[in-house]
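Here the structure comes first, spelled out in structure tokens, and everything after it is commentary.
The values are calculated or read from the model by the stated rules, or taken from the named source; none is laboratory data. Being a predicted model, the structure only gives us computed values, none of them experimental. Here the Cβ is made from the backbone with ideal geometry for all residues, glycine too, and neighbour counts use every protein chain on show. Surface accessibility is based on the protein's heavy atoms, side chains included, excluding ligands, DNA and RNA. Shrake-Rupley method; radii C 1.70, N 1.55, O 1.52, S 1.80 Å.
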Amino acid sequence: MGKITEIRDPIHGFITLNEWERDIVNHPVFQRLRRIRQLGFTDMVYPAAMHNRFEHSLGVMQVATRMFDHIHERRGNFLKAELDFKEDELGRDRVLVRMSSLLHDLGHAPFSHAAEGLMDKDSSTEKPFKHEHYSAVIVCMLMQDVIENHPFNQKYDIKAKDISDFLNGEASLGRSLLWRSLVSGQLDADRADYLLRDSHHIGVAYGSYDLHRLIATLTVAIDPETSSAVLAVEEGGEHAAEALIIARYMMFTQVYFQRTRRAYDQHSVEAIKHLLYDHQKQSNLANKNAFPPPTCKVHVDDYLKWDDWRVFGLINEGKAGDHGSILMERKHHRAVFETPEIPSAADQELAQEIQEALGDDVGFVDCASNSWYKFDSADVPLLLRPGERDEKLTALSTCSSVVNGLKAVERTRIYVPLDKKEKARDTVANTRYEKEKSL
Amino acid sequence: MNITVDIPWKRYALIAELTKRLDSVSLHFGKTALQKLVFFLQEIYQVDCGYDFELYTYGPYDSQLVSDLDLIEHWGCVSVTHVNDMLGGYRIRPTEAVDSIRGKAAEFLDHEKTKQALEDLVLTYGSMTARDLELRATTVYVARNFQRKGETATIEKICRLVAQIKPKFTADEIKQAVVELSEKRHIQFTE
């Protein structure tokens, strides 16, 4: 077993690491996460939002492990009889889940999600890379030795590529794909941790829910409509699951998509874009306004040099352009128009007309569906009468009028520079008046 | 930095159009079928629908598609009801207002490539159950994953991986789906 390291955590008490995991945490690539703030420039609105990806990554590992262990203990026979798992496979999967959840955020850019908009396009898919792609590549390129060659790994033979495949959700995971829902899904350890952690640090209660009850009622079941194995909540845990969904809605509307906080996301992206161009204009990168793509070790090494400390230093030196100055002086763009959270088609068209009327005065347009941690209305499977002959899987929304009533937030906002605020508000009022008059 | 309000009419209108076309063809058109049919449209028929599917044990899935369905249900273009039988799931049906957003994306829907793809999709997959669609969508994802990674995909390799991801399907069911998809040239494998 070796030496156990205990790390004090404000959410989970103590998080324990074995020697193998401690070596991984001590790797410089993981230590970089201490220099990536969890919520970017959220401190401009909630001053205590200073926590980082390092502690969140440890927290996700802790929650994912508790979830896995509970399911294994309670549904071990089901996993073997119905889903063909073998006991030794489950032991290996537990390690895979711990490692993958620990390393899932390795690839974050400075200030976490906001700068994800500065990732280059993957030529094979024509879609922008995400931080998960960087995480997966970093694991394979830079952490192979510390993962594969530790004596503790002799029993499991886990390859860096297994973790990379887990993070990318590759089909090659086979039956282990089931556990990916613990790191990326409706009931995942990632959101289970960040809701509680973000609430704790910024001093709001919106993200609170009963994690212990949620884990105690977590299960695996077969969806009768599709014969698929899914993570579900047992009847009795329905209110814990409801609370998780409400917490997501509240945190999205009050924190993650808070109007001023979102303005600082945009300003930080523009400031970093300025810095990237300045740094890369002499390079042979195709897109000099984007982070180097995770396509070779040189690019990955360059990418990892970007962290919050470096960006803060350059902003402080006045090298981040107009948006860097806005960040220094807290003179953010102002929202002059927003649609309802669930807009009608007419609301969306009005937003478009206002944007056209504002013309060059528009600073930026923000849409909830393009933001991170977006609130969607995807359902949670609920297992009724678990263990009984008439056990049945249904959707939580069929039993919960609260969940059934929550719809995806699709709000759009239009921002203008501070000095154009008054003029823009007149334009918005006039456009709205003309539109209503014409109806 | 985005400086325009871009309404994804194409995505909304596509869901409405599929709902309308499938109403007379399928009794099984619900949230699962919608995910898998749009996945086919994008992957097999190469229609750019704007979604980004990821693989789960329940097949390829994008939560944005659920949100888009939510919104057009809120607008009254479709109705979504829970099916209270042994299998559960949902049924999506058109309302009288289903055509109200068609005009916003008429150019996309009336484009020959989209029209042909929708016709083929509905004819080939429209009447399948959610279970059958999920097996086939997972198979397509697995086969294309081999292709994308430059690995040789044999029928045995595809069947073995699909069987691990979907252990409640028999070997015969999986093999039949692989052969059927291959005959339609919707997946390729090496003999």
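Taken over the alpha carbons of the protein assembly as shown as equal point scatterers, the Debye sum produces base-10 log I(q)/I(0) values at 0.07, 0.09, 0.12 Å⁻¹ of -0.45, -0.77, -1.46. Amide H contacts of A:PHE337 (H built 1.01 Å from N, in plane; Pro and chain starts excluded): A:ILE414 sit under 5 Å, all sequence-distant by 5 or more or on other chains. 3J(HN,Hα) along segment A:359-371: x, 6, 6, 5, x, 6, 10, 10, 10, 4, 5, 9, 9 Hz, from the Karplus curve 6.51 cos²θ - 1.76 cosθ + 1.60 with θ = phi - 60°, whole Hz, x for Gly and Pro. D by Stokes-Einstein for segment A:229-314, Kirkwood Rh over Cα pairs, 20 °C, 1.002 mPa s: 129 µm²/s.
Across A:THR295, A:THR217, A:THR226, mean-square fluctuation computed from a Gaussian network of chain A (C-alpha pairs under 10 Å connected) peaks at A:THR226.
Electrostatic tally near A:TYR249: other residues with Cβ closer than 15 Å to its Cβ, Lys and Arg +1, Asp and Glu -1, net -2. How tilted is helix B:9-22 with respect to the longest principal axis of chain B? Cα atoms for both, answer in degrees (0 to 90, nearest 10). For helix B:9-22, the angle is close to 70 degrees.
Could you work out the local net charge near B:ASP70, counting Lys and Arg as +1, Asp and Glu as -1, over the other residues with Cβ closer than 9 Å to its Cβ? Taking every other residue near B:ASP70 into account, the sum is -3. The C-alpha atoms of chain B define a longest principal axis, and helix B:130-148 lies at about 70 degrees to it. Put B:GLU191, A:GLU242 in order of accessible area, highest first, and with a 1.4 Å probe you get B:GLU191, A:GLU242. Annotation: amide H-H contacts under 5 Å for A:SER228 (H modelled 1.01 Å from N, sequence separation of 5 or more, or interchain): A:ASP223. Summing +1 for each Lys or Arg and -1 for each Asp or Glu among the other residues whose beta-carbon sits under 12 angstrom from that of A:THR431 gives -2.
With the charge dipole of the protein assembly as shown set up from +1 on Lys and Arg Cβ and -1 on Asp and Glu Cβ about the Cα centre, the Cα lying farthest toward the positive end among the listed residues A:TYR415, A:GLY318, A:PRO340 is that of A:GLY318. When the protein assembly as shown is described by a simple charge dipole with +1 on each Lys and Arg Cβ and -1 on each Asp and Glu Cβ, the residue from B:SER182, B:ILE3, A:HIS150 located farthest towards its positive end is A:HIS150.
For chain A, complete DSSP H runs whose alpha carbons reach 18 Å or more along their own long axis and whose mean Kyte-Doolittle score is -1.0 or higher are A:53-83, A:87-103, A:189-202, A:238-251, A:345-358.
The mean number of partner chain beta-carbon atoms within 10 angstrom of a residue's beta-carbon across peptide A:408-420 is 2. Exposed loop sites, defined as trypsin sites (Lys or Arg not before Pro) outside DSSP H, G, I, E and B with at most 13 other Cβ atoms within 10 Å, are absent from the longest region of chain B, namely B:1-148. Per-residue ellipticity at 222 nm computed for chain A from its helices equals -14500 deg cm²/dmol, with DSSP H segments shorter than 4 residues left out and the rest contributing -39,500 (n - 2.57).
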